[in-house]
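Working notes for the structure below.
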Amino acid sequence: MLRVVNETRQQTVASSARGAYGFFDRLRGLLGGPPLAAGEGLYLLPCQSIHMIGMTFPIDAIFVDKQGSVVGMVKDIKPWGISDHYWKAHGCLELPSGTIDATGTALGDRLKFEETS
C-alpha cells in the first residue's frame with residue numbers, strides 16, 4: 001500500500017493507494033470493483049493515459065513524471081471516457097472524483113509516494 005502526499009501543498013492525496021505495476025493489474029485497474037472511498041487510490045505504473053471503458057463511476061486522475069511532478073490531471077472523468085495522452089507521464093494515480101479540487105493539487109506540484117505496511 002502507498003500513502004501519497006502532495007509535498008507542494010502539504011496535503012495527503014491518498015492515505016491508502018494500491019499499486020498496479022503488472023500489465024494485467026493495470027489493464028483491469030478499477031474495473032468491476034466498488035467506487036473508491038475517500039483516501040483510497042490506485043497507482044498505475046507505467047501509465048501515460050487511461051480509459052474508463054466498462055467503468056460505472058467517475059474518478060479523478062493525476063499523471064506524474066518519474067520525479068513525482070504532476071504533468072497532467074483529469075477531473076471527474078466519466079465512465080466510457082478516455083483521457084488525453086500525457087507524453088511526459090510515468091504513472092497515473094486514480095482517485096475518488098473530487099480529490100483534485102479537495103486537495104488543491106495543480107500542475108507542477110510534487111507528489112511523494114510512501115510505502116506503508
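Rule-based calculations on the coordinates, nothing more; no lab input. Given the structure is predicted, the values throughout are model-derived calculations rather than measurements. No Cβ is skipped: glycine too gets one built from the backbone with ideal geometry, and neighbour counts run over all protein chains shown.
Residues are listed down the side, and each one gets a yes or a no for (1) closer than 16 Å to I100 by Cβ; (2) in contact with a Leu (Cβ under 8 Å, 6 or more places away or on another chain); (3) among the hydroxyl-bearing types (S, T, Y):
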site	(1), (2), (3)
A14	yes, yes, no
A17	yes, yes, no
Y21	no, yes, yes
G41	yes, yes, no
I50	yes, yes, no
P58	yes, no, no
*asked:* Among the residues of region 25-33, are any surrounded by 14 or more Cβ atoms within 10 Å (Cβ to Cβ) and part of a strand (DSSP E or B)?
replied: no
Of the residues in region 10-24 that are without any contact (Cβ under 8 Å) to a residue 40 or more places away in the chain and not in a loop (DSSP other than H, G, I, E, B), the one that is surrounded by the most Cβ atoms within 10 Å (Cβ to Cβ) is A20
Residue count, region 59-97, condition surrounded by 15 or more Cβ atoms within 10 Å (Cβ to Cβ), outside any strand (DSSP E or B) and in contact (Cβ under 8 Å) with a residue 40 or more places away in the chain, comes to 4
Of the residues in region 34-54, those that are assigned to a loop (DSSP other than H, G, I, E, B) and either surrounded by fewer than 21 Cβ atoms within 10 Å (Cβ to Cβ) or among the small types (G, A, S) (or both) come to P34, P35, A37, A38, G39, L45, P46, Q48, S49, I53, G54
The condition from (1) part of a loop (DSSP other than H, G, I, E, B); (2) surrounded by fewer than 13 Cβ atoms within 10 Å (Cβ to Cβ) that E114 misses is numbered (1)
